[in-house]
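The numbers here are math on the coordinates, done by the rules we state, and not lab data. It should be emphasised that the depicted structure is a prediction, and the values quoted were computed from it without experimental measurement. Because the Cβ atoms are built from the backbone with ideal geometry, glycine has one as well, and the counts that use them run over all protein chains shown.
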Amino acid sequence: MTQPSSITSGHLYFLDIGISTPEFNGRILTCKPDGSGLRELVTNIETMPDGIAVDKPNGHIYWTNMGIPSADDGSIQRCDLSGANIVTIVPNGITHTPKQLTVAPQSKKLYWSDREGTRVMRANMDGSEVEVLYRPDTADAGNPYEHWCVGIAVDEESGHIYWSQKGPSKGNKGRIFRMTVDLQAGETVENRKIECLLDTLPEPIDLELDTSSRKLYWTDRGDQPYGNSVNVFDLDTLKETPAAQRKPDVLVRKLHEGIGIALDPKNNRMFFGDLGGSLYSANLDGSCKHVIFPDIGGAVTGVAYVEE
């Protein structure tokens, strides 16, 4: 089986959140899948960058800024593929703590999860028409972190949105949900029909969907042996498997607070990073795990892959 690192086509874009420096110097970096050609595109991001998505046809990189959670000052920014022309498209305070985001190319929308805002949100590619798609009506009761939305994936063909709610740190109360892209008749953002696909997960974070194989991948920051891992679940088994019996397959273990993940199904590979500063590749079945960078000098959050 070919090792992912031997295929050099495409480009990786990834974030360093900046927590390893006193100045909180976050960065956007890019390289080839084997790590060659590493470049810094944007530096001095002091607003805790977390999620990244690339719109190659229009030449844009998008990223979320968590900001200071207690200040409710999250934002979303955009730049050219070169790192130039940085603009803020969703200003401070419109979203609380935006995490992973993704581009839906057919509808030309950005989707993201808002952690402390306990929301799933979307907007046009220029940041206009910001919408709340889901917000639980129980978020103020009990422990709000049980409702923290983190990862996001969108399947425009089937019309579904997937998102993770991580639960308490290392708490084994993480869940992954699904809902339709648009509200159905009679639904509101608080009472719309949602489906819990998986629960009692250690601490699920970022999601990626392979629509061709109908498989959902994600990183998990929870405790070993099931956390600090990359996982997969076959969506075609949902109907035949009772909810209590659904279990993901753990593909990769021993990450150091895994966050970002990106897929390249065409070349049977995936890429993922962790807060320990490492960037990795592996085959989609988890084999041939390869360390692209053992330590970038920071902490990796969002990861995106773009074909050439």
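Lys and Arg at +1, Asp and Glu at -1: add these up for the other residues within a Cβ distance under 14 Å of residue 263 and post the number.
On the way: positive: 214, 215, 266, 269; negative: 155, 206, 208, 210, 264, 285, 307.
Neighbourhood net charge equals -3.
Between region 225-296 and region 1-67, how many Å separate their Cα centres?
Using only Cα atoms to place each centre, the spacing works out to 18 Å.
So how far, in whole Å, is the C-alpha centre of region 103-124 from the one of region 154-221?
Each part reduced to its Cα centre gives a spacing of 13 Å.
Mind ordering 95-101, 262-268, 164-170, 300-306 by average Cβ neighbours within 10 Å, highest first? Before the final figure, lay out each step's value.
Numbers: 95-101: 27.4, 262-268: 18.0, 164-170: 20.7, 300-306: 25.0.
Answer by packing, highest mean first, reads 95-101, 300-306, 164-170, 262-268.
Cα gyration tensor of the chain, axes a ≥ b ≥ c as square roots of the eigenvalues: rounded (a/c below 1.5), prolate (a/b > b/c) or oblate? Each step should come with its number before you reach the end.
On the way: a/c = 1.38, a/b = 1.11, b/c = 1.24.
Taking the square roots of the gyration eigenvalues as a ≥ b ≥ c, the chain is rounded.
Quick check on the exposure proxy: order 188, 118 from fewest to most C-beta atoms within 10 angstrom. Don't skip to the end; give the middle numbers.
Details: 188 10, 118 22.
Exposure proxy ranking, most exposed first: 188, 118.
Sorted by mean Cβ packing within 10 Å, highest first, what order do the peptides 279-287, 11-19 take?
Details: 279-287: 19.6, 11-19: 22.8.
Top of the packing list down: 11-19, 279-287.
Charges only on Cβ, +1 for Lys and Arg, -1 for Asp and Glu: so what's the dipole of region 4-306 about the Cα centre, in debye to the nearest 20?
On the way: 30 positive and 41 negative charges, 114 e Å.
Dipole about the Cα centre, nearest 20: 540 debye.
Cross-link partners among lysines for residue 193, C-alpha distance below 21 Å, same-chain residues fewer than 8 apart left out?
Candidates past the 8-residue exclusion: 166, 173, 239.
Using θ = phi - 60° and the Karplus relation 6.51 cos²θ - 1.76 cosθ + 1.60, list the HN-Hα couplings for region 189-195 in order, rounded to whole Hz, with x at every Gly or Pro.
After applying 6.51 cos²θ - 1.76 cosθ + 1.60, I find 5, 8, 10, 5, 6, 10, 10 Hz.
Note down the magnitude of the dipole of region 151-237 about its Cα centre, charges +1 on Lys and Arg C-beta and -1 on Asp and Glu C-beta and zero elsewhere, to the nearest 20 debye. Don't skip to the end; give the middle numbers.
On the way: 10 positive and 16 negative charges, 77 e Å.
That gives region 151-237 a dipole magnitude of about 360 debye.
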